[in-house]
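Reading through the structure tokens given below for one structure.
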Amino acid sequence: MQKYDEIIKLLKVPEIVKPFLNIIYTEDDLEIVAAIKEGTLSAADIEVSIEMLNSAYKDSVVDKILDNDLIKYKVSPLTVRLDNLASFQKEQWHKIDAEARKKIADWLFSEYLEGKKVKSVKELTENASKIVPLNIVIDFVKEVNRDIYVIPCDCKAITEDCNSDKNVCMSMGSGLNTSSDRGHGTKLDTEAAVELLKHADKEGLIHTIEENAICNCCSCCCYPLRASKELGLKGKWPAVSYVIEVAGDSCVNCGICVKRCPQNVFSKGEKIVKADISKCVGCGVCVSICPKKALHLEKL
């Protein structure tokens, strides 16, 4: 471990991660990290093969920076490297035992949460990501003029708390340091993107439109949804625009929505289901499965 001391200090590696550095980084990766340190260097300055550098960029060991039309490189944060490892290198990620992965996942979420705590409510809620029902996100996909790529959901890949489909999230754009520019993801045309959204909806996943992504996630793994509860920002971040209403004259109290809802909004009543709208995030995954069409979303 002594040979890693400089790397550990540079990357601020926590104790739980230290035993697994040789899994997280290759020897080539560590050579590049040691060369760049806290600076930004061109490929020529780093003095490694372009193949090594391209591999390190693909694996989020380094990020790119455009400096006066010249691409330079800096070391990616450990959190970014671990996100990439869990999302795109599952076999390598699973070389870390399950108990340690859980502890690393908890640390990653705590780091994410701390990053949100230092921001003001205004910073978090301005241009906030928005939870939307299926029809709204489909309209968005049809209208947005950006490349769309399907990628694994990093929240699910890291947290591993459910069996929901992981390969359902979408990144938008292909600029520097995006997953597509690093060589990940499959490009989708509009029709394929719509079909993927419908599939995610059938899985009961919540659709969130973000600045550069469409997240189709679950309440047990999703970082923003979990952080929102921790910070007391539910409804504000991610933004909620709809709330569920139950048509009492149509509801037959079958309880399908009770099992379906990821936010535990519903409970069975004597004659119709009860809805605790304080828990509702307006995702609409209950609406499509109601056999009596007794549920509908009301715009806030």
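The values are calculated or read from the model by the stated rules, or taken from the named source; none is laboratory data. Keep in mind the model is a prediction, meaning the values are calculated, not measured. Every residue, glycine among them, receives a Cβ derived from its backbone with ideal geometry; neighbour counts consider all protein chains shown. Quick note on the areas: whole protein, heavy atoms, side chains included, nothing else; ligands and nucleic acids left out. Shrake-Rupley method; radii C 1.70, N 1.55, O 1.52, S 1.80 Å.
Results, tabulated for the structure shown:
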quantity	calculated
Solvent-accessible area, 1.4 Å probe, carbon plus sulfur percent, for region 84-154	46
Other-chain or far-sequence residues with amide H under 5 Å of Leu188's (modelled H)	Ile148, Tyr149, Val150
Sites Ala98 and Asp249, calculated FRET efficiency, Cβ-Cβ separation with R0 41 Å, nearest 0.05	0.25
Set of aspartates and glutamates near Lys166 by C-alpha distance (under 17 Å), chain-local residues within fewer than 8 positions excluded	Asp83, Glu91, Asp154, Glu195, Asp201, Glu203
Table column - 3J(HN,Hα) (Hz), region 6-21, Karplus curve with 6.51, -1.76, 1.60, x for Gly and Pro	5, 5, 4, 5, 4, 8, 6, 6, x, 4, 5, 8, 3, x, 10, 4
Placed amide H near Val273: partners under 5 Å, 5+ positions off or other chain	Asn253
All aspartates and glutamates inside 19 Å of Lys72 as judged from Cα atoms, apart from same-chain residues fewer than 8 positions distant	Asp28, Asp29, Glu31, Glu38, Asp45, Glu47, Glu51, Asp59, Asp63, Asp181
Rg ratio (alpha-carbon, reference 2.2 N^0.38 Å) - the chain	1.12
Entries in Lys12/Lys74; Lys103/Lys156; Lys229/Lys268; Lys74/Lys103 that, when Cα-Cα distance is taken, lie over 20 Å	Lys229/Lys268; Lys74/Lys103
Note, ³J(HN,Hα) from phi for region 61-71, Karplus 6.51, -1.76, 1.60, rounded to Hz, x at Gly and Pro	7, 10, 10, 9, 10, 8, 10, 6, 6, 10, 6
Anchor Lys299: lysines whose Cα lies under 20 Å away (excluding residues fewer than 8 positions away in-chain)	Lys130, Lys234, Lys236, Lys274, Lys279
Expected 222 nm ellipticity per residue - DSSP helices of 4 or more, -39500 (n - 2.57), all of the chain, to 500	-10500 deg cm²/dmol
Per-residue ³J(HN,Hα) for region 251-257, Karplus 6.51 cos²θ - 1.76 cosθ + 1.60, θ = phi - 60°, Hz, x for Gly and Pro	5, 10, 6, 6, x, 4, 5
Principal-axis tilt of helix 78-88 within the chain, Cα atoms, nearest 10 degrees	60
